[in-house]
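**Student:** The structure is given below, and queries will be raised subsequently.
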Amino acid sequence: MSVVVYIEINDGIIKKGSLEAASFAAKLAQEKGSKAVAVVIGKGGDASVLGKYGIADALHYNLEETQINSLTVAQILQSEAQNLGATDAVFSGSWIAKAAAASLAVHAQMGIVTEVTELPKNGTILKKAFSNKAFVKVELQNSKNCYVISANSFGLHENPVNTNVQEKTSNASSGLSHVSYNKDTSKVSLTDAELVVSAGRGLKAPENWHLVEELAKVLGAGTACSKPVSDAGWRPHHEHVGQTGISISPNLYIAIGISGAIQHLAGVSSSKNIVAINSDPEAPFFKAADYGIVGDAFDVLPKLTEALRKAKG
Amino acid sequence: MKILVCISSVPDTTTKISFVNDNKEFNSSGVQFIINPYDEFGLTKALKIKEQLGGTVTVIHVGPASNEPIIRKALAIGADSAVRIDGEAVDGLMVAHEIANYVKNNSFDLIFTGRESIDYNGGIVPHALSAILNIPAISPCVGLEISGNEAHLETFVDGGKEKLKTALPVIVGSQKGLVEESDLIIPNMRGIMLSRTKPLEVLAVQNNINNQKVAKYELPPDKKACKMIDAGNVEELVSLLQNEAKVI
Ligand SMILES: Cc1cc2nc3c(=O)[nH]c(=O)nc-3n(C[C@H](O)[C@H](O)[C@H](O)COP(=O)(O)OP(=O)(O)OC[C@H]3O[C@@H](n4cnc5c(N)ncnc54)[C@H](O)[C@@H]3O)c2cc1C
Ligand SMILES: Nc1ncnc2c1ncn2[C@@H]1O[C@H](COP(=O)(O)O)[C@@H](O)[C@H]1O
């Protein structure tokens, strides 16, 4: 009996969403009186940091990045879940983790619940629904389940133990072959970012984005944008947040010159703190925000960046 | 090229979500249902591929007869035929098993789904289909080229994108990028007239899978009033973020 958790590691760095999944798995195992085992897949590094979040056992598959895809990861998890007699499997909400969860649920005949925000309680579990516009409590119908966690909703829970890391090898292969990458790793990943600075059409033109980037830089924040901004090619598509873009829930979301349309809010409303900066006092975003400034972005942004720079020393 | 496009029916994106029956049921009264926006990108790509390489485009939907308007819309946009599996779509695994069952009896070269449905945001169906059928799935997919028997696909990885290739058949979890929004087709009168005469086959549900039952819906707690800060006093915002919100 065990709780298996899938951990993504890259150049020795474990993704934040994976640490959250580890926290969830360790607590779940503790409640069930069973054992949490991490299946760590990816190049390099130090899986023992999982000990900080209560994981005592880790299996590390040191795969090259080009070998990692939804199918190879699914194969490894499936065989480990079987070896370990997994009753529960925990996944972050990353695309590859979701894929592995779906595949494991099919092969091991487990149930699957996505967008999970809390530990299961008496056979029920809370999850998000309707693109963050609601929650739903579901009754689990299966004794074995895969849980896919909604990013930043469960949080990191420290519970230090020593981790025993075992190195493993795999000959997992798939019909998918890697061709090439096109990456820009200089930026903070949006779903992992604790702080996000986002701007909309109120910024008027792409050449004004340096104001947004400077603010983000001082904060160490990720950058995002509204849909019309990415549609117009002012910003790359992967920065588009909302119901039809990425859904995020950082600790701080600063929305600049974004009106606050329902589709935009759907992707960001579960952020822990929201600041809206808008020249229109009637902008709907102020109804969804914790802090608001009515003002011209071109005037407020440089001042705010400067004030933050001073405050951060 | 035989192409299948999976479409789900979701509340229009402007819908104000509410519940009835002691919060056990979604309040669908007055709600307009649409083809899941991600699925429309798949449907459009499917039609483009058909235009290029020839073939047929079939749409499939698991749902009750009351959902037929979205199927007719897909036919009006240009799909050749449609299949409806007559039952409530209780969850992604159930849907995947039903669709897989249809695929096993009618092989396809390409299967499009959306990357996720905007009501439950599971993103489960393409990968569950992949596992059941033993066909690779790429989701989200932001680029697809077919050359001969090979598919070249593009997906997201940390920090950017990855290009992959595989032999057909393949399952594609669609989103913008596969085609652009400006490529989406708005049905014209001719399309709407034609859609009424196109075949829509109704099949019975084959599996009896139900891995979760709704106990209760909840709306997120109301936001407390927004604290307004004077534009001339950004230092106050900084101090609130440091000392009250404690996020920086
Ligand atoms: C099916 C569908 C799906 C959608 N999905 C998404 C989605 O996922 N994400 C998304 O973002 N949108 C989505 N939308 C679009 C959404 O409805 C809005 O149109 C969009 O969010 C508006 O973007 P915006 O706020 O940047 O622009 P606008 O609505 O034009 O707002 C600009 C704002 O900037 C303010 N402003 C102007 N000048 C200044 C200044 N100098 N300083 C400060 N403020 C200024 C204005 O007061 C205004 O509030 C979707 C729409 C549909 C139909
Ligand atoms: N009831 C359904 N009938 C047909 N296809 C569906 C149905 N539900 C989901 N799908 C497909 O699966 C994709 C992902 O859905 P989901 O796993 O629910 O997020 C959708 O974009 C559709 O393409």
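None of the figures in this text is laboratory data; all of them are computed from the coordinates on show. On a predicted model such as this, the values are computed, not experimentally measured, just so you know. Backbone-built Cβ (ideal geometry, glycine too); neighbour counts: all protein chains shown.
**Student:** May I ask for the angle, rounded to the nearest 10°, between helix A:210-219 and the longest principal axis of chain A, with both axes built from Cα atoms and the value confined to 0 to 90°?
**Tutor:** Around 50 degrees separate the two axes.
**Student:** Inside 10 Å of the C-beta atoms of B:163-174, what's the mean count of C-beta atoms belonging to other chains?
**Tutor:** Average per residue, whole number: 3.
**Student:** A further question on this structure: What is the angle, in °, between the Cα long axis of helix A:16-32 and the longest principal axis of the Cα atoms in chain A? Nearest 10 is fine, range 0 to 90.
**Tutor:** Helix A:16-32 sits roughly 50 degrees off the main axis of chain A.
**Student:** Report relative contact order for segment A:49-159 in percent, whole number only (criteria: Cα-Cα under 8 Å, sequence separation at least 6).
**Tutor:** 30 percent
**Student:** Among A:296-304, A:89-97, how do they line up from the highest to the lowest mean number of other beta-carbon atoms within 10 Å?
**Tutor:** A:89-97, A:296-304
**Student:** What does DSSP give for chain A in terms of the percent of beta bridges that are antiparallel, rounded to the nearest 5?
**Tutor:** Expressed as a percentage, antiparallel bridges in chain A total about 15.
**Student:** Can you tell which of A:Ala25, A:Ala81, A:Ala288 shows the greatest fluctuation in a Gaussian network model of chain A with Cα springs below 10 Å?
**Tutor:** The residue that fluctuates most here is A:Ala288.
**Student:** I'd like the orientation of helix A:297-311 relative to chain A: the angle between its Cα long axis and the longest Cα principal axis, in ° from 0 to 90, rounded to 10.
**Tutor:** Helix A:297-311 sits at roughly 60 degrees to that axis.
**Student:** Where does each of B:118-129, A:262-273 land if you order them by average Cβ count within 10 Å, highest first?
**Tutor:** Most protected by this proxy first, the peptides run B:118-129, A:262-273.
**Student:** Another question about this same structure. In whole Å, how far is the Cα centre of segment B:42-79 from that of segment A:56-86?
**Tutor:** Answer, in whole Å: 37.
**Student:** Rounded to the nearest 5, what is the percent of antiparallel bridges among the DSSP beta bridges in chain B? Please list the in-between numbers first.
**Tutor:** On the way: 19 of 45 bridges.
So the antiparallel bridges in chain B amount to around 40 percent.
**Student:** A further question follows. Taking beta carbons within 10 Å but only from partner chains, what does the mean come to for residues A:302-310?
**Tutor:** 4
**Student:** For segment A:1-105, what class follows from the C-alpha gyration tensor (a ≥ b ≥ c being the square roots of its eigenvalues): rounded when a/c is under 1.5, otherwise prolate if a/b is larger than b/c, else oblate?
**Tutor:** Oblate shape, in that a/c is at least 1.5 and b/c is the bigger or equal ratio.
**Student:** If you place +1 on the Cβ of every Lys and Arg and -1 on the Cβ of every Asp and Glu, how big does the dipole about the Cα centre of the protein assembly as shown come out, in debye to the nearest 20? Can you show the working numbers first?
**Tutor:** Values: 52 positive and 59 negative charges, 110 e Å.
The dipole magnitude comes to about 520 debye.
**Student:** Suppose a student asked you for the relative contact order of segment A:157-227, using Cα pairs under 8 Å spaced at least 6 residues apart; what percent would you report?
**Tutor:** 34 percent
**Student:** Restricting attention to segment A:154-244, which GluC sites (Glu not before Pro) occupy a DSSP loop and are surrounded by at most 15 other Cβ atoms within 10 Å?
**Tutor:** A:Glu158
**Student:** Given the DSSP H assignment, sum -39500 (n - 2.57) over each helix run of at least 4 residues in chain B and divide by its residue total; what's the result at 222 nm in deg cm²/dmol, nearest 500?
**Tutor:** -7500 deg cm²/dmol
**Student:** Pick out, in residue order, every one of the GluC sites (Glu not before Pro) in segment B:1-96 that is DSSP loop and has at most 16 other C-beta atoms within 10 Å; say none if there are none.
**Tutor:** Here the GluC sites (Glu not before Pro) that fit, given the DSSP loop and packing criteria, are B:Glu88.
**Student:** Ranked highest first by the average count of other Cβ atoms within 10 Å around their residues, in what order do A:223-229, A:242-248 fall?
**Tutor:** Listed from highest to lowest mean packing, they are A:223-229, A:242-248.
**Student:** Mind checking B:89-102 for the average number of partner chain beta-carbons within 10 Å of each residue's beta-carbon?
**Tutor:** 2
**Student:** For the protein assembly as shown, what is the percent of antiparallel DSSP beta bridges, rounded to the nearest 5?
**Tutor:** 35 percent
**Student:** Between segment A:116-182 and segment A:268-313, what is the separation of their alpha carbon centroids in Å?
**Tutor:** So the separation of the two Cα centres works out to 33 Å.
**Student:** Ok, one more. Sum -39500 (n - 2.57) across every DSSP H segment of at least 4 residues in chain A, then divide by the residue count to get the 222 nm mean residue ellipticity, nearest 500.
**Tutor:** On the way: 8 runs with 85 residues, N = 313.
The per-residue figure over chain A is -8000 deg cm²/dmol.
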